[in-house]
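Novice: For reference, the structure I am asking about is given below.
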Amino acid sequence: MRNSRNGWWEDAVIYEVYPRSFADADGNGVGDLSGLRARLGYLADLGVDAIWLTPFYPSPLADGGYDVSDYCAVDPRLGTMADFDGLVKDAAGHQIRVIVDLVPNHCSSAHPLFRAALAAAPGRPERDRFIFREGRGPDLPPNNWESQFGGPAWTRVTEADGRPGQWYLHLYDPSQPDWNWRNPDVPALFEDVIGFWLDRGVAGLRVDVAHGIFKDPDLPDVQAGQPLNGPSPYRHRPELQALYRSWRAILDSYPVDGFPGSRTAIGEVWYDQADTLRPYLAPDGLPQVFNFQLILPDWQAAAFRGAIDSALALTSGSRAPWVIGNHDVPRPASRYRLDEGYTPEMITRLIALGDQNAEHGAWRARAAALLLLALPGSAYIYQGEELGLPEVTGIPDDARQDPRFRRTHGESPGRDGCRVPIPWDRTGTGFGFSLTRDGASPAAPWLPQPPEWGRYSVGPQLADEHSFLSLYRAALRLRRDHPALGRGTLRWLDPDPETPDLLCFAREPGFVFAANFGAAPAPLPAHGEILLASGPVTSGSLPPDTAAWLSG
Ligand code: NOJ
C-alpha cells in the first residue's frame, strides 16, 4: 500500500463514484454496489487510493439520493448491506479505501422522523427536530429564503384538522426538510450514523452542505444583493465549528494502526471569498474541505494562478484537496471549452453551442488533469473525467431527473448531463454499462446515453496509448513514483513577459510543470526530459491548451 501512513489522505487521489451511473450488475439499467465491486480492478489499474460513494441509502430519489430516508441501510435497488461490506473488503484487497457521504443538512420527507413530525401537532417535540414556523401572514412563508433549486425554501403543511398550517424549511427540494441542529436529538442521531459507518470500516466521510447545517435562530430575511456563497443566515454560521470539533474527536478515536489508517472527513464548503474558509481549517476541525477553485476560473494562466494562490495562501492541498469536477457541475471537457469560468447558467450556454469547440474543450481538460495531479496535496477525480466524457446536453426534457430542472420550470437544465451512465464498451445496449448473464439483453440505462457515447468507452481507450484514459493512468503512475509529487509545496516560475499565457511551477526534487493557456505555441521552460504531456509536444514548444510534466 502506498500510503500506510496515518495521514494517508494528505496526498491521496480519490475517485468519486456516483453509484447509479457507474456500473450495473443486474441488468436493470441502474448502477449498483455489485457493479462497482465488479469494476474495482479497473479503479486499481487506474491507480486511485480511495473511492467516495455518493449516497446509496434508501431514498425516494427526489435529489439523486441526497434525500435520505434511512441513513444506516443500503437502498435495495443498489444492493444489500452484505454487498457493501463485500465492497469494502474487496476494495481493501485492491488497496482502495472507501469514503461514504453524510447528509446532515436535511433528510427525505419519507424519513420516519419527518413523518412523525408531520403527524404531530404544532408545538409537539416531534416537530422541533425540523424547522417548522408559522407563516408571517396569510399564505406568506416565515421569511424570504429561496431554495437552492429555485422557488421558496418553505412549504406549508396541512394539519390534522385539514387546514393549512405551519411551514417547514427546506434549503433544497420540498422533499428534503432541513434538520434543526439546535435540537439535541439531531446531533445524537448523526453521531450514531457516523459511528455506524466507521465501524463498518469506511476510511472517511464526505459531508454534504457542510457550510449550511446551522441557521441563524431568528431566521431573518436574506438581504438583497448578498453574494451567492458568502456568510448569510444559513451559510458559514459560527456554531458549525464546535460540531466539527466533536466529529473530529470521533474520527480520531478510531484506531490508526494498519489499514485504513486515520479516518478523514471532507466538507463540501462553497464560498466566494477564500477567507470564509478560514474557520473550517482550524487544526481540530474537519480534516479536509473541498477546494473548488479550479472549477471557477476563466481559461487563462493568470486566473488559474490566482485561484491556486488564493487557496494555498490559506492552507495546503492536503487539507483542501483539488477538484476540477463533480456530480454537480458541467463536465470539464465541456466547461473548459468556454473561455469564461463556471457559472450556474453555463449548461444552458453549452446546450446552445452544441458540438462547437468540443475538441478544444477536450484538449483543455487533458491539460487541466495534468495540472490537478501535479498540485501539492490531495486530488479528487469524478467518474468519467478520466474518459474525457463531455457534458450530455441533449437529454430530452421528459428524461431529466434533477429537481433543479423541475423547480425552475425548465429554465435550468439541471445536473443530469454530468451523471449519464459510464460507457464501458464501444457498442451494445448501454455501451456495456449493464453486465448481464446468459446473453440476456439489459434494460436501457436510467438516464439516456447519447448515440456517440461508445467513442468514449473504456475498452477502446485502454487499447489506445494516446487516449484520455491512458493519460490519466500514466499520470497517476508517475505521481505515485515521483518523489516531488503528492504532498509538499510549489514554486512559481515567473512568466516570461513574452509568454504570459504560460503557467509554470517547480516542485522539488526535480519536477517542472508547464501549461499553455494561450492561442499560440509557447516555448517550454528549461527542463531535462518530458515525462508526460497532454498533447503533442515537438521541438521544445508547447501547443495551445497543452500541459507537460518535465524533469527539472
Ligand atoms: C450537494 C450535493 O453534492 C448535491 O448533489 C445535492 O443536490 C445537494 N448537496 C443537496 O444535498
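The values are calculated or read from the model by the stated rules, or taken from the named source; none is laboratory data. Since we're looking at a predicted model, the values are computed, not measured. Counting neighbours? That spans all protein chains shown, and the Cβs are built from the backbone with ideal geometry, glycine included. We work out accessible area using only protein heavy atoms, side chains counted, and drop any ligands, DNA or RNA first. Shrake-Rupley method; radii C 1.70, N 1.55, O 1.52, S 1.80 Å.
Novice: Inspect all residues belonging to region 388-406 and state whether any of them is in contact with a Pro (Cβ under 7 Å, 6 or more places away or on another chain), closer than 21 Å to ALA301 by Cα, small (Gly, Ala, Ser) and away from the ligand (no atom under 16 Å from the Cβ).
Specialist: Looking for residues that are in contact with a Pro (Cβ under 7 Å, 6 or more places away or on another chain), closer than 21 Å to ALA301 by Cα, small (Gly, Ala, Ser) and away from the ligand (no atom under 16 Å from the Cβ), one finds none in region 388-406, hence no.
Novice: From the residues in region 517-532 that are touching a residue at least 40 places away in the same chain (Cβ under 8 Å) and assigned to a strand (DSSP E or B), which one is surrounded by the fewest Cβ atoms within 10 Å (Cβ to Cβ)? Steps first, answer last, please.
Specialist: First, pick out the residues of region 517-532 that are touching a residue at least 40 places away in the same chain (Cβ under 8 Å): 517-518, 531-532.
Keeping just the survivors that are assigned to a strand (DSSP E or B) gives 531-532.
Working: LEU531: 16, LEU532: 19.
Among those that are touching a residue at least 40 places away in the same chain (Cβ under 8 Å) and assigned to a strand (DSSP E or B), it is LEU531.
Novice: Can you tell me which condition GLY261 does not meet? The list is (1) open to solvent by less than 50 Å² (accessible area, probe 1.4 Å); (2) closer than 30 Å to ARG200 by Cα; (3) out of contact with any helix residue (DSSP H, G or I) (no Cβ under 8 Å at 6 or more places or on another chain), and all the others hold.
Specialist: Of the numbered conditions (1) open to solvent by less than 50 Å² (accessible area, probe 1.4 Å); (2) closer than 30 Å to ARG200 by Cα; (3) out of contact with any helix residue (DSSP H, G or I) (no Cβ under 8 Å at 6 or more places or on another chain), the odd one out for GLY261 is (3).
Novice: On to the next question. Does VAL186 satisfy the condition of being open to solvent by less than 10 Å² (accessible area, probe 1.4 Å), modelled with pLDDT of 95 or more and closer than 30 Å to ALA91 by Cα?
Specialist: On the way: open to solvent by less than 10 Å² (accessible area, probe 1.4 Å): yes; modelled with pLDDT of 95 or more: yes; closer than 30 Å to ALA91 by Cα: no.
In short, no.
Novice: Another one. Those residues that are in contact (Cβ under 8 Å) with a residue 60 or more places away in the chain, open to solvent by less than 80 Å² (accessible area, probe 1.4 Å) and not aliphatic (A, V, I, L, M), I need them from region 468-481; list them, please.
Specialist: Within region 468-481, PHE468, TYR472, ARG473, ARG479 qualify.
Condition check ((1) over 27 Å from GLN226 (Cα atoms); (2) of a type in the set (D, E, K, R)) across all residues:
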site	(1), (2)
ALA274	no, no
GLN293	no, no
THR315	no, no
ARG349	no, yes
GLY354	yes, no
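Novice: I'd like the residue in region 202-231 that is farther than 19 Å from PHE290 by Cβ and at pLDDT below 95 and, out of all such residues, is nearest to the ligand (Cβ to nearest atom).
Specialist: GLN226
Novice: Return the pairs, sorted by first residue and then second, in which the second residue is among the acidic types (Asp, Glu), the first residue lies in region 198-221 and is over 30 Å from VAL88 (Cβ atoms), the beta carbons are less than 8 Å apart, and the residues are 6+ apart or on different chains.
Specialist: Correct list of pairs: PHE214/GLU239; LYS215/ASP178.
Condition check ((1) closer than 25 Å to HIS360 by Cβ; (2) open to solvent by less than 50 Å² (accessible area, probe 1.4 Å)) across all residues:
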{"position": "LEU435", "(1), (2)": "no, no"}
{"position": "PRO451", "(1), (2)": "yes, no"}
{"position": "LEU503", "(1), (2)": "yes, yes"}
{"position": "PHE513", "(1), (2)": "yes, yes"}
{"position": "PRO536", "(1), (2)": "yes, no"}
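Novice: Can you run down the residue pairs with Cβ atoms below 6 Å, 6 or more apart or on separate chains, where the first is in region 414-431 and more than 12 Å from TRP446 (Cβ to Cβ) and the partner is within 15 Å of the ligand (Cβ to nearest atom) and assigned to a helix (DSSP H, G or I)?
Specialist: That search, which allows pairs on different chains as well, returns GLY414/ARG404; GLY414/PHE405.
Novice: For the list (1) surrounded by fewer than 18 Cβ atoms within 10 Å (Cβ to Cβ); (2) touching a Gly at 6+ places or on another chain (Cβ under 8 Å), I need the number of the one condition that PRO497 fails.
Specialist: (2) is the only condition that PRO497 fails.
Novice: Among (1) within 26 Å of TYR71 (Cβ to Cβ); (2) open to solvent by less than 70 Å² (accessible area, probe 1.4 Å); (3) of a type outside the set (A, V, I, L, M, F, W, C), there is one condition GLU159 misses while meeting the rest; what is its number?
Specialist: Unmet condition: (1).
Novice: Within region 2-18, is even one residue farther than 20 Å from THR264 by Cβ and polar (S, T, N, Q)?
Specialist: No: region 2-18 contains no residue that is farther than 20 Å from THR264 by Cβ and polar (S, T, N, Q).
Novice: Which of the numbered conditions does ASP328 fail, given that it passes all the others? Conditions: (1) away from the ligand (no atom under 16 Å from the Cβ); (2) closer than 18 Å to GLU268 by Cα; (3) among the acidic types (Asp, Glu).
Specialist: Going through the list (1) away from the ligand (no atom under 16 Å from the Cβ); (2) closer than 18 Å to GLU268 by Cα; (3) among the acidic types (Asp, Glu), ASP328 breaks only (1).
Novice: Separate question: Of all residues in region 331-352, how many are within 18 Å of the chain's Cα centre (by Cα) and more than 16 Å from the ligand (Cβ to nearest atom)? Outline the logic, then answer.
Specialist: Within region 331-352, the first condition is being within 18 Å of the chain's Cα centre (by Cα), and the residues that meet it are 331-336, 341-344, 346-347.
Retained after the next criterion (residues that are more than 16 Å from the ligand (Cβ to nearest atom)): 332-336, 341, 343, 346.
Going through region 331-352 one residue at a time, the tally reaches 8.
Novice: Would you mind listing the helices (runs of 4 or more DSSP H) fully within region 320-408 where at least 3 residues are open to solvent by 10 Å² or more (accessible area, probe 1.4 Å)?
Specialist: Output list reads 346-353, 358-374, 403-407.
Novice: Now, a different point. Kindly indicate the residue of region 13-67 that is closer than 27 Å to ALA475 by Cα and in a loop (DSSP other than H, G, I, E, B) and also farthest from the ligand (Cβ to nearest atom) among those meeting that condition.
Specialist: So, considering only residues that are closer than 27 Å to ALA475 by Cα and in a loop (DSSP other than H, G, I, E, B), the one farthest from the ligand (Cβ to nearest atom) is GLY47.
Novice: Does ASP272 count as assigned to a helix (DSSP H, G or I), out of contact with any Lys or Arg (no Cβ under 7 Å at 6 or more places or on another chain) and open to solvent by 10 Å² or more (accessible area, probe 1.4 Å)?
Specialist: It is false that ASP272 is assigned to a helix (DSSP H, G or I), out of contact with any Lys or Arg (no Cβ under 7 Å at 6 or more places or on another chain) and open to solvent by 10 Å² or more (accessible area, probe 1.4 Å).
Novice: Something else now. Look at region 68-79 and say how many of its residues are open to solvent by 20 Å² or more (accessible area, probe 1.4 Å) and either within 16 Å of the ligand (Cβ to nearest atom) or touching a residue at least 40 places away in the same chain (Cβ under 8 Å) (or both).
Specialist: Here the count works out to 4.
Novice: Those residues that are in a helix (DSSP H, G or I) and within 16 Å of the ligand (Cβ to nearest atom), I need them from region 409-439; list them, please.
Specialist: ASP416, GLY417, CYS418
Novice: Those residues that are open to solvent by 30 Å² or more (accessible area, probe 1.4 Å), at pLDDT 95 or above and within 18 Å of the chain's Cα centre (by Cα), I need them from region 276-319; list them, please.
Specialist: ARG319
Novice: Please go through region 275-296 and give me each residue that is assigned to a helix (DSSP H, G or I) and of a type in the set (Val, Ile, Thr), ordered by number. Please lay out each step first, then the result.
Specialist: Looking only at region 275-296, we keep the residues that are assigned to a helix (DSSP H, G or I), and these are 275-281, 293-295.
If the condition is that a residue be assigned to a helix (DSSP H, G or I) and of a type in the set (Val, Ile, Thr), then THR276, ILE295 are the ones that fit.
Novice: In addition: Of (1) open to solvent by 20 Å² or more (accessible area, probe 1.4 Å); (2) of a type in the set (A, V, I, L, M, F, W, C); (3) within 27 Å of the chain's Cα centre (by Cα); (4) away from the ligand (no atom under 16 Å from the Cβ), LEU140 satisfies all except one. Which?
Specialist: (3)
Novice: Have a look at ARG127, ARG97 and point out the one that is buried (at least 20 other Cβ atoms within 10 Å of the Cβ) and touching a strand residue (DSSP E or B) at 6+ places or on another chain (Cβ under 7 Å). First the steps, then the outcome.
Specialist: On the way: ARG127 fails: touching a strand residue (DSSP E or B) at 6+ places or on another chain (Cβ under 7 Å).
After applying the criteria, what remains is ARG97.
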